[in-house]
Protein chains: 2
Amino acid sequence: MKTVTCTAPVNIAVIKYWGKRDTELILPTNSSLSVTLSQDILHSKTTISAAKEYDHDRLWLNGIEEDITKNKRMHNCFRETRAIRQAMEAKAEAEGKPIEPLSTYPVHVCSENNFPTAAGLASSASGLAALVYTLSQLFELTISTSEVSRIARQGSGSACRSLFGGFVAWEMGEKEDGSDSYAVQIAPETHWPDLQALICVVSDAKKGTSSTAGMQSTIKTSLLMNERINNIVPARMEGMKKAVLDKDFQSFAELTMRDSNQFHAVCLDTYPPIFYLNDTSRAIIQLIHEYNATSPDGKLKAAYTYDAGPNAVIYAPKENMAEIIQLIGHYFPSNKEPAEFFANPYNAISGKLGEDFLPKDHAKFNQNVIPVQPVGSVSRLLHTKVDDGPRVLSQDESLLKEDGLPKRLA
Amino acid sequence: MKTVTCTAPVNIAVIKYWGKRDTELILPTNSSLSVTLSQDILHSKTTISAAKEYDHDRLWLNGIEEDITKNKRMHNCFRETRAIRQAMEAKAEAEGKPIEPLSTYPVHVCSENNFPTAAGLASSASGLAALVYTLSQLFELTISTSEVSRIARQGSGSACRSLFGGFVAWEMGEKEDGSDSYAVQIAPETHWPDLQALICVVSDAKKGTSSTAGMQSTIKTSLLMNERINNIVPARMEGMKKAVLDKDFQSFAELTMRDSNQFHAVCLDTYPPIFYLNDTSRAIIQLIHEYNATSPDGKLKAAYTYDAGPNAVIYAPKENMAEIIQLIGHYFPSNKEPAEFFANPYNAISGKLGEDFLPKDHAKFNQNVIPVQPVGSVSRLLHTKVDDGPRVLSQDESLLKEDGLPKRLA
């Protein structure tokens, strides 16, 4: 019996992935680029153990057993990693130095997120990345991280970007078999450690369109989408890579906001239209534009981005974070206990949340740019930062007991 | 002293005007097409009197005197109509049959809307159309209605479409001087009298971006806008003209909804983004799509469209209106007196508003498509229909007394 436990991070795209040219292999219609966020706040954790004594493959997600054979995308990841392991075993065998035939053993998989799956915080990306990374460690696969990402891509497209820390591009590739569609690291987290993020979890009664269904509807019906795919995103990818390499927050911020808005624009141009932003999302956008517009030196100080849901992720240099947190805290009040509402791991603010919210030196800041929103419009604030890729944990962090069953069940 | 009183209707575009290629002459970047709505419910009324005894040009808007010299766009309309009158007077003089030199007389202008200007119901279009139409009647201009519309265009772009009843195209034209940019009637109201509309006035705390500023910002910053202007709208104009001529509600409805959504999509792709739809607008869109999706014969039964604000205009054949009114009445409750909330001139419903809201024969209609919205989310419902163009009223409808001063002041 061999057991490995790993965690993988969440990534939030600044150039958005929306649309597949191959839904089976999960090949995108455009490249995308993301920032990997700290696992201290958000991560998926997976333990996999392989043992010839096991009866069959079993899977527990957040403490609930699921039928692993019914999860086609996960199945693809098992098939791919086992095939590589099998080739390694055959080669070792042929060379007279046989290795353990792990590819033939049933596995037990136990996976948990340290955040609610339902919060719409890209849990499928971190979850599939953790699964595939753990499989690659379990099987001791001698392949590059980009090759691991190629496999994770087949589990959940954006999962491929969670295989690296820092700034990560998913190059769309051109080949029909998807062999050139994988993630590459543009720069590690150490290149621009100053970049931080504030996640604003936005309450929404409405259940949005799933991104899997939504993106194909956009491809099929939006007359604006081709222009985005063929002309706009390729230029933006170049611009964003340069912005990251130059640590140029001005270009990074403008491209991030423009690309988020354009992604939601093509959703609106879909027929029937797809809406992910709600009035709270809109209010955050207007607040950030006012904050930027009144910046004393005329420079952008923050950038918002929204995935397929109403939650905002605000990227900003560390030095602006206290102001941004106070702004959000003021206009989006909560009646929760402060510690429950606001995850403040870097002690970004010392005073009370929402106090002294007027940004320093912003002489022209219009306090009435938006009204103070109803209590609870934003349900949680998480302060995080650019950080590293998947981590291998020690054996005592295992989610499985020695008998191969979960330590915790829901 | 000569006095003329006219009314002009509101028009609501189904292919949207957004963007000027010449802001001075008000020349659009694309053609547009609208439906003229009944003046029984919504109109602008203007009385103009010309008298050589008057001291100077004076203007009263909704009972408040304004400085006519400060209103550049209105000034353009006076200049153009007076110039044509002057040429007529010169010609008559030359022919030895002089006419009254009205072009040299000061005028008193009194104009009112029978709906609140602030409601965002295209009051500038009906207002400028009423002004220019009244001037053309006052001066007895021997020009075509399209030529009158060319003048109104210089007052407010979409005003040119309010010079005709029925279905009206504003052909963008190509010439630099704007001489080929005017409205033409595609079909009169009698061609398709069955087409009705329900205006849902949506409450919104937020003051939206003015359309004048907004459209130029879109032209300048949206990377999707060229595709719309150059390729999408020209094809849609042809499709929409055909749909109107064929009285083909299916094509009319789909094009109307798609074009409304695309207009709001390019607003969202503007930098900074422009938002006109709010959560109430979104909810109406979702409700109409559910209503259409569950239609027993699979046909579209209603189409929404939104201008530069959150108000919905729902177009539908007369036979569907009772169902639509009950649907909206149910999901968007009001605590106003029924008669104050709902303008019901055609007695479309007999029972209580919001009762029996489930559309007949829509077996699969999902009642939970949206929750019942907070009371007052929609502040008013107006049932109206396609109808005629500007009307000349009798002298006793004048807004001015015999002394040339307003009968009513605010």
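The values are calculated or read from the model by the stated rules, or taken from the named source; none is laboratory data. Everything quoted here is computed from the prediction, not taken from an experiment. Glycine gets a Cβ as well: all are built from the backbone with ideal geometry, and neighbour counts include every protein chain shown. Just the protein is used for accessible areas: all its heavy atoms, side chains included, with ligands, DNA and RNA removed. Shrake-Rupley method; radii C 1.70, N 1.55, O 1.52, S 1.80 Å.
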Give, in whole angstrom and from largest to smallest, the semi-axes √(5λ) of the equivalent ellipsoid of segment B:195-385, with λ running over the eigenvalues of the Cα gyration tensor. 29, 21, 14
Using the 7 Å Cα-to-Cβ label point, sort the distances from B:Glu147 to its equivalents in the other copies shortest first and give them in nm to one decimal. 8.0
Length-normalised contact order of chain B in % [C-alpha pairs under 8 Å, at least 6 apart]: 23 percent
In segment B:200-273, trypsin sites (Lys or Arg not before Pro) in a DSSP loop with at most 11 other beta-carbon atoms within 10 Å: B:Lys207
Chain A, Gaussian network, Cα under 10 Å: of A:Tyr291, A:Tyr133, A:Tyr304, the residue fluctuating most is A:Tyr291
To the nearest 20 debye, what charge dipole does the protein assembly as shown have about its Cα centre, counting +1 at the Cβ of each Lys and Arg and -1 at the Cβ of each Asp and Glu? 40 debye
Could you give the spread of the C-alpha atoms of segment B:135-243 along their three principal axes, from largest to smallest, in whole angstroms? 43, 38, 33
Segment B:189-229 shape via C-alpha gyration tensor axes, a/c threshold 1.5: oblate
Over every pair of different alpha-carbon atoms in the protein assembly as shown, take the mean of 1/r and invert it; report that Kirkwood radius in Å. 29.7 Å
How long are the three semi-axes of the equivalent ellipsoid of segment A:303-363, in whole Å, if each is the root of 5 times an eigenvalue of the C-alpha gyration tensor, listed from largest down? 18, 16, 12
Heavy-atom accessible area per residue of segment B:195-385, all protein chains kept, 1.4 Å probe, expressed in Å², is 40 Å²
Against the longest alpha carbon principal axis of chain A, how many degrees, from 0 to 90 and to the nearest 10, is the axis of helix A:279-293 turned? 60 degrees
For chain B, with a Gaussian network of springs between Cα atoms less than 10 Å apart, report the residue from B:Asp259, B:Asp387, B:Asp57 with the top mean-square fluctuation. B:Asp57
Sequence order, segment A:188-204: Karplus ³J(HN,Hα) from phi using 6.51 cos²θ - 1.76 cosθ + 1.60, θ = phi - 60°, Hz rounded, Gly and Pro as x, gives x, 4, 6, 5, 9, x, 5, 7, 10, 9, 10, 8, 9, 7, 9, 6, 8
DSSP beta bridges in segment A:195-385: the antiparallel percent, rounded to 5, is 90 percent
Using Cα springs under 10 Å in a Gaussian network model of chain B, which residue among B:Asp396, B:Asp22, B:Asp246 shows the largest mean-square fluctuation? B:Asp396
What does the charge count around A:Ser260 come to, taking other residues whose C-beta lies under 12 Å from its C-beta (Lys +1, Arg +1, Asp -1, Glu -1)? -1
Magnitude of the Cβ-charge dipole of segment A:195-385, K/R +1 and D/E -1, about the Cα centre, nearest 20 debye? 300 debye
Any number yet on Rg/Rh for chain B, C-alpha, Kirkwood? 0.99
Starting from the Cα-Cα distance between A:Lys207 and A:Glu238, subtract it from 0.36 nm times their residue separation and give me the gain in nm to one decimal. 7.7 nm
How big is Rg to Rh over segment A:72-189, alpha-carbon atoms, Rh as the Kirkwood inverse-mean-distance radius? 1.00
I'd like the mean, over residues of B:272-283, of how many other protein chain beta carbons sit within 10 Å of each residue's own Cβ. 5
So for R0 = 35 Å, FRET eff. of A:Gln395-A:Asp248 from the Cβ-Cβ r, to 0.05, ends up at 0.20
Put a point 7 Å out from Cα along the line to Cβ at B:Gly96; what are the distances to that point in the other copies, in nm, shortest first? 13.0
For A:Glu53 and A:Lys2, extending 7 Å from Cα along the Cα-Cβ vector and measuring point to point gives, in nm, a value of 1.8 nm
Nm distances between copies for B:Ala293, ranked from closest, using label points 7 Å along Cα→Cβ: 3.6
Other-chain or far-sequence residues with amide H under 5 Å of A:Phe115's (modelled H): A:His43
Contact order relative to length of segment B:323-410, as percent, for alpha carbon pairs under 8 angstrom and 6 or more apart: 36 percent
Under unit Cβ charges (Lys, Arg +1; Asp, Glu -1), what dipole magnitude, rounded to 20 debye, does chain A have relative to its Cα centre? 580 debye
For chain A, build the charge dipole from Cβ charges (+1 Lys, Arg; -1 Asp, Glu) around the Cα centre, then report which of A:Thr5, A:Leu327, A:Pro374 sits farthest towards its positive end. A:Pro374
Work through the residues other than B:Asp180 whose Cβ is under 14 Å from its Cβ and net out their charges, Lys, Arg +1 and Asp, Glu -1. -2
Once both axes come from the Cα atoms, what is the angle between helix B:249-268 and the longest principal axis of chain B, in degrees from 0 to 90, rounded to 10? 80 degrees
Kindly express, to the nearest 10 degrees and within the range 0 to 90, the angle between helix B:233-245's C-alpha long axis and the longest C-alpha principal axis of chain B. 90 degrees
Enter the per residue convex hull volume of segment A:207-304, computed from alpha-carbon coordinates, in Å³ rounded to the nearest integer. 107 Å³
Loop-only check: which trypsin sites (Lys or Arg not before Pro) in segment A:313-410 are DSSP coil with at most 16 other Cβ within 10 angstrom? A:Lys336, A:Lys352, A:Lys360, A:Lys364, A:Lys401, A:Lys407, A:Arg408
Working from the alpha-carbon coordinates of segment B:296-410, get Rg over Rh, Rh being the Kirkwood radius. 1.10
Estimated inter-spin distance, B:Asn71 and A:Glu95, nm [label 7 Å along Cα→Cβ]: 8.8 nm
Enumerate the lysines that B:Lys2 could reach by cross-link, defined here as Cα to Cα under 25 Å, with residues fewer than 8 away along the same chain left out. B:Lys45, B:Lys52, B:Lys70, B:Lys72, B:Lys91, B:Lys97, B:Lys401, B:Lys407
